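Participant: Take this structure, written in structure tokens, and hold onto it; I'll ask about it next.
The values are calculated or read from the model by the stated rules, or taken from the named source; none is laboratory data. Values in this document were obtained by computation on a predicted structure and should not be read as measured data. Cβ coordinates were reconstructed from backbone atoms using ideal geometry, including for glycine residues, and neighbour counts include every protein chain displayed.
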Amino acid sequence: MQVFNTKSGNKEELITIEPGTVKAYICGPTVYDYCHVGHARTYINFDVFRRYLEALGYSFVHVQNFTDIDDKITQRASAQGELPRKVADFFIGEYFKDMDKLNVKRATVYTRVSEFVPKIAEATARLLEEGFAYRSGRAIYFDVQKVGGFGELVSEIEDMVTDKIETGIKKGPFDFTLWMEGKNGEETWDTPMGRGRPGWHIQCVVMSTDSLGPEFDVHWGGIDLIYPHHECEAAISKALFGKPFVRYWIHNNFVLMNGDKMSKSSGQPVYIRNVLKRFSGSVLRTFLLSRHYREKIEYSDDGLESAEKSLQMLKSGAKIAMRNRGTRQMSAYVKDYADMFFGSLDDDLSTGEALAIAERLAWEMTKERNKDFTGAWRIFEAVEGILGIRL
Ligand SMILES: [Zn+2]
């Protein structure tokens, strides 16, 4: 299939390192709150990507982390008078409840930062020893100057300098924290470098490569993770392994709410569980997949209601099509639809197009009596199996 690679800025044919296997990592949630519709979009699109490749016959290794060490978790824990670990455990449980309702397949491997601290500390110590990192103030920083090619995901990297160089602390504006001494109330770990906790970017490098090896096929995340998170991950990985790290960087766009990015930090997120009080998981899936993953999508009640109508139409079509489920034949008329449907998915996962094609076929099936719809069941089966929309 063709995928848009953030690294090249182009659509490219997906060619995996190991034929027949896709090794992929997706940045998981920071578990200090319930997941909102923006999270749902990321995990649903990745889920369709996985289901499509599995349908093509690939075996798909899906590794996903939980960021369970973070300031926001510590804050929530101290506000609730609980241990950070307890807060993280609770929201990991809630994450699974939400994703199960959205029919998102479980990852092959889930990792938790808290279980990787010794390995992260070991990698940090090695970077320090090999001169890729330096100690300054209360932290250890990655020295971006020491690896070539910083800015492989962001073309105008100079424009990304938003924070001023903390005089006497960081050597360069792009240097970032690998390790820090803990503040009061934070969880810290004893290591040969002293008591402290890991920075964000190195966590994902250590967790992804631990399961997938130093080079793997796909790294997925929301578009807001391109810089600094993924750019810094790439730099760390190059320093640690001297290899290119990831072949295809894939990023999905935001869910907007009244024109602004939906996130916990930028206003009122709409939690998945609140949407599911009024609409089914399949309606939310249909809504989120109605737009291409690289485009923005505006969240609204109207959008969900129209997705509900689309879903009704798909169900009507499926009901008729399933009467001759299992038929091997496919009429020429249906084959045109099948080519368009699968062709859309093959073209950088154009789920919006694929859905529109399936809906159009469903509509025809409910209206037209004289056409030959033999074999249409296969398209509706793919709506269920690949798009993950229960009909
Ligand atoms: Zn990450």
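Participant: Just to be sure, is Ile26 of a type in the set (A, V, I, L, M), under 24 Å from Ile272 (Cβ atoms), touching a His at 6+ places or on another chain (Cβ under 8 Å) and crowded, with 20+ Cβ neighbours inside 10 Å?
Facilitator: Yes.
Participant: Suppose the filter is buried (at least 21 other Cβ atoms within 10 Å of the Cβ) and under 30 Å from Phe132 (Cβ atoms); does Ile250 pass it?
Facilitator: Yes, satisfied.
Participant: If I filter the stretch 36-91 down to residues being hydroxyl-bearing (Ser, Thr, Tyr), in contact with a helix residue (DSSP H, G or I) (Cβ under 7 Å, 6 or more places away or on another chain) and under 21 Å from Tyr271 (Cβ atoms), which single residue comes out as surrounded by the most Cβ atoms within 10 Å (Cβ to Cβ)?
Facilitator: Step by step, filter the stretch 36-91, then rank; the result is Tyr43.
Participant: Take the residues in the stretch 339-357 that are surrounded by fewer than 20 Cβ atoms within 10 Å (Cβ to Cβ) and of a type in the set (A, V, I, L, M, F, W, C); name whichever of them is nearest to Glu384 (Cα to Cα).
Facilitator: Ala356
Participant: Quick check: anything in the stretch 39-59 assigned to a strand (DSSP E or B) and not charged (D, E, K, R)?
Facilitator: So far as the stretch 39-59 goes, yes, one or more of its residues are assigned to a strand (DSSP E or B) and not charged (D, E, K, R).
Participant: Check every one of the strands (runs of 3 or more DSSP E) wholly within the stretch 213-293 and list those with 3 or more residues that are on the phi < 0 side of the Ramachandran plot and more than 16 Å from the ligand (Cβ to nearest atom).
Facilitator: Counting at least 3 such residues, we get 255-257.
Participant: For the stretch 20-50, what are the residues that are away from the ligand (no atom under 14 Å from the Cβ) and either within 12 Å of Ala107 (Cα to Cα) or not assigned by TED's automatic domain parsing to the domain that holds Ala107 (or both)?
Facilitator: Scanning the stretch 20-50 gives Lys23, Asp47, Arg50.
Participant: Going through the stretch 195-212 one residue at a time, which ones are away from the ligand (no atom under 11 Å from the Cβ) and among the small types (Gly, Ala, Ser)?
Facilitator: Gly196, Gly199, Ser211
Participant: For the stretch 255-278, what are the residues that are buried (at least 20 other Cβ atoms within 10 Å of the Cβ) and modelled with pLDDT of 95 or more?
Facilitator: Let us first name the residues in the stretch 255-278 that are buried (at least 20 other Cβ atoms within 10 Å of the Cβ), namely 255, 257, 262, 269, 272, 275.
Scanning the stretch 255-278 gives Val255, Ile272, Val275.
Participant: Give me the residue from the stretch 1-23 that is of a type in the set (A, V, I, L, M) and in a loop (DSSP other than H, G, I, E, B) and, out of that set, surrounded by the fewest Cβ atoms within 10 Å (Cβ to Cβ). Reasoning before the result, please.
Facilitator: In the first step, residues of the stretch 1-23 are kept if they are of a type in the set (A, V, I, L, M); the result is 1, 3, 14-15, 17, 22.
So of that shortlist, the ones also in a loop (DSSP other than H, G, I, E, B) come out as 1, 14-15, 17.
Values: Met1: 17, Leu14: 21, Ile15: 9, Ile17: 13.
So, considering only residues that are of a type in the set (A, V, I, L, M) and in a loop (DSSP other than H, G, I, E, B), the one surrounded by the fewest Cβ atoms within 10 Å (Cβ to Cβ) is Ile15.
Participant: While we're on this one: Out of Ala338, Ala354, report the one residue that is within 25 Å of the chain's Cα centre (by Cα), farther than 14 Å from Lys319 by Cβ and small (Gly, Ala, Ser).
Facilitator: Ala354
Participant: Hey, among the residues in the stretch 201-247 that are of a type in the set (Val, Ile, Thr) and buried (at least 21 other Cβ atoms within 10 Å of the Cβ), which one's nearest to the chain's Cα centre (by Cα)? Even if it seems obvious, please write down each step before you answer.
Facilitator: First pass over the stretch 201-247, keeping only residues of a type in the set (Val, Ile, Thr): 202, 205-206, 209, 218, 223, 226, 236, 246.
Retained after the next criterion (residues that are buried (at least 21 other Cβ atoms within 10 Å of the Cβ)): 202, 205-206, 209, 218, 236, 246.
On the way: Ile202: 18, Val205: 15, Val206: 18, Thr209: 17, Val218: 11, Ile236: 20, Val246: 15 Å.
Ranking the candidates gives Val218 first.
Participant: Among the numbered criteria (1) in a helix (DSSP H, G or I); (2) surrounded by fewer than 22 Cβ atoms within 10 Å (Cβ to Cβ); (3) within 16 Å of the ligand (Cβ to nearest atom), which single criterion is violated by Lys97?
Facilitator: (3)
Participant: Looking only at residues in the stretch 24-38 that are part of a loop (DSSP other than H, G, I, E, B) and more than 10 Å from the chain's Cα centre (by Cα), which one is nearest to Phe341 (Cα to Cα)?
Facilitator: Result: Cys35.
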